[in-house]
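The values are calculated or read from the model by the stated rules, or taken from the named source; none is laboratory data. Remember, predicted model here, so these are calculated numbers, not experimental data. Neighbour counts run over all protein chains shown; Cβ positions are idealised from the backbone, glycine included.
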Amino acid sequence: MKKYQSYPFEISGLNPAGKGLATLDDVQTTIPFGLPGQQVQAQVVKKKRDQASARVQAVLRRRPDEIAPACAHFGQPPDTSGRGCGGCQWQTLPYASQLALKRELLQNTLAGLVPAEAWREIIGSPLAYRYRNKVELSFGDKVFIPDEEYRALRAAKTPLPQGFYLGFHVPGSFGTVVPLRECHLVSEPMQQIFQALSQLLPTLGADVYSPRHHTGYWRHLILREGVRSGEIMVHFNTTDTDAPDWSAVLNYLNGLDLPAGSRIRSVLHSVHTGDAQIVGWNPPTLLQGETVISDSLCGLDFEISPYAFFQTNTLAAERLYQAVVALADLRQAPVVYDLYSGTGTIGMILAHHGARAVYGLEEIESAVADAQRNAARNQLQHCHFAAGKVEARFSELMALHPPDLVVVDPPRVGLHKNVSHWLNSLALPQLIYVSCNPAALARDLEILQAVYTVEVVQPVDLFPQTGHVETIVRLVRRP
């Protein structure tokens, strides 16, 4: 196998990230957008000893259950048409097949760590499309140009097309975007808003930001929605130059005929002057309405601030949290630690269902402030949240009150090894691990199994049309 050469591959499985796996000439090759059962023609783009990665050029044989994708933008970016956004990887699979693959992916990743009787059937999302309550779009002055067209323009010494584009950026090129006409993962009201703004904003005289020249104004558009409240937040992120007439923007938004039950509650503007193409954390200015939107989850009311973490699939997240409550024996757990607590959602729901005291620990201070505000909003005086790294402050928690139950919901990197060893030293009757990364979960279970045994593994799908899968693991102390 040689780099940049093209070969036929038989996709035989998935890696923990949901990407296709194939073996050719004893080289294990990762092939994004490849599905088990497919034969694909793919170009090797990276190779190191017995590992490689390749890019699909054509599907030579499809799975028997494949279907037509729902979205015009489905495809690996940048595909030959320049339209593939890359946000979805599995739109050509029926949802039942997606769920089966995710369970199989988990079983393969956790092989040898989980007894057969511990596995539960995967919990699916109530919605396979239109489930996201947040979308972050990028402005750019370039669109991807297929290779043949690019070479023709260069040969003719024709300037590459530049313009005003709003969509998802092409990986590795923040100034190049896939202009978005539609997105089947967000609600119709949010789609209507970004479609309308993509028509209005180019007429206001301010340019999009260019990461090459560090000029221009528009950087990002972030939309958030309370699924049950119907409240929408419109957040513009820009540089500090060339400000447009905001009254024109507000009048335009106020004139949109949104579906019944939906309304724009919050319009915000934040400034980021750094070179990096990120939204940043600068406090936004309120242009209209209020600084938050609201939603309800598992019987609790939540205010969602501009930078707050809130699971992007509200209805599926509710199923996940209900499963956590069902797996946590709160009759035997009056004191709960909610570690990597984020905005405190899990801890508050456990408190709402009977935990006598909840202590949450989260590194991001703004998330802690959100948790404290929402605990007060729901009159959960027995919820306490503090800021700090879990690995640095868990001993302080122990000084307050030893836990009867610990729930961990770490980021994709998983648990810090010191946290894993501390959990082993506690030898708790029960431990709940909520994971968003099967590979990190497998690594952490290797350590935890010295003291605990896996009693239940509950997969949950929060991200249909992608290879991502969430996992709840209930561990109990070994006899």
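Restricting 395, 425 to those that are hydroxyl-bearing (Ser, Thr, Tyr), surrounded by fewer than 20 Cβ atoms within 10 Å (Cβ to Cβ), at pLDDT below 95 and at negative phi reduces the list to 395.
If you go through region 354-395 and keep only what is assigned to a loop (DSSP other than H, G, I, E, B), under 26 Å from the mean Cα position of the chain (by Cα) and among the basic types (Lys, Arg), you end up with just 389.
Among the residues in region 275-298, are any surrounded by fewer than 21 Cβ atoms within 10 Å (Cβ to Cβ) and more than 29 Å from residue 138 (Cβ to Cβ)? Within region 275-298 (the criterion being surrounded by fewer than 21 Cβ atoms within 10 Å (Cβ to Cβ) and more than 29 Å from residue 138 (Cβ to Cβ)), the answer is yes, since at least one residue qualifies. Of the residues that make up region 366-384, is at least one touching a Lys or Arg at 6+ places or on another chain (Cβ under 8 Å) and small (Gly, Ala, Ser)? Looking through region 366-384, none of the residues is touching a Lys or Arg at 6+ places or on another chain (Cβ under 8 Å) and small (Gly, Ala, Ser).
In region 400-416 there is no residue that is part of a helix (DSSP H, G or I) and buried (at least 20 other Cβ atoms within 10 Å of the Cβ). When the residues of region 212-240 are narrowed to those that are without any contact (Cβ under 8 Å) to a residue 60 or more places away in the chain and either touching a helix residue (DSSP H, G or I) at 6+ places or on another chain (Cβ under 7 Å) or part of a strand (DSSP E or B) (or both), which ends up farthest from residue 281 (Cα to Cα)? Only one residue tops the list, namely 215.
State whether the residues of region 96-106 include one that is assigned to a loop (DSSP other than H, G, I, E, B) and buried (at least 19 other Cβ atoms within 10 Å of the Cβ). Within region 96-106, none of the residues are assigned to a loop (DSSP other than H, G, I, E, B) and buried (at least 19 other Cβ atoms within 10 Å of the Cβ). Give the number of residues within region 49-65 that are of a type outside the set (Ser, Thr, Tyr) and assigned to a strand (DSSP E or B). Residues flagged as of a type outside the set (Ser, Thr, Tyr) and assigned to a strand (DSSP E or B) within region 49-65 amount to 10. For beta carbons closer than 9 Å, sequence separation of 6+ or different chains, a first residue in region 194-211 that is assigned by TED's automatic domain parsing to the domain that holds residue 279 and a second that is assigned to a helix (DSSP H, G or I) and among the hydroxyl-bearing types (Ser, Thr, Tyr), the qualifying pairs are 196/252; 197/252; 200/252. Take region 107-120 and flag every residue that is in a loop (DSSP other than H, G, I, E, B), touching a residue at least 24 places away in the same chain (Cβ under 8 Å) and either surrounded by fewer than 20 Cβ atoms within 10 Å (Cβ to Cβ) or among the aromatic types (Phe, Trp, Tyr) (or both). Passing the criteria: 113, 115, 120.
Being modelled with pLDDT of 95 or more and more than 25 Å from residue 459 (Cα to Cα) is a property that does not hold for residue 66. Scanning region 243-280 for residues that are within 25 Å of residue 187 (Cα to Cα), of a type in the set (A, V, I, L, M), out of contact with any Ser or Thr (no Cβ under 8 Å at 6 or more places or on another chain) and assigned to a loop (DSSP other than H, G, I, E, B) returns 256, 258, 260, 278. From the set of residues in region 316-340 that are in contact with a helix residue (DSSP H, G or I) (Cβ under 8 Å, 6 or more places away or on another chain) and under 11 Å from residue 350 (Cβ atoms), which is surrounded by the most Cβ atoms within 10 Å (Cβ to Cβ)? If we take residues in region 316-340 being in contact with a helix residue (DSSP H, G or I) (Cβ under 8 Å, 6 or more places away or on another chain) and under 11 Å from residue 350 (Cβ atoms), then 338 is surrounded by the most Cβ atoms within 10 Å (Cβ to Cβ). If you go through region 106-127 and keep only what is under 19 Å from residue 322 (Cα atoms) and not β-branched (Val, Ile, Thr), you end up with 118, 119, 120, 121, 124, 125, 126, 127.
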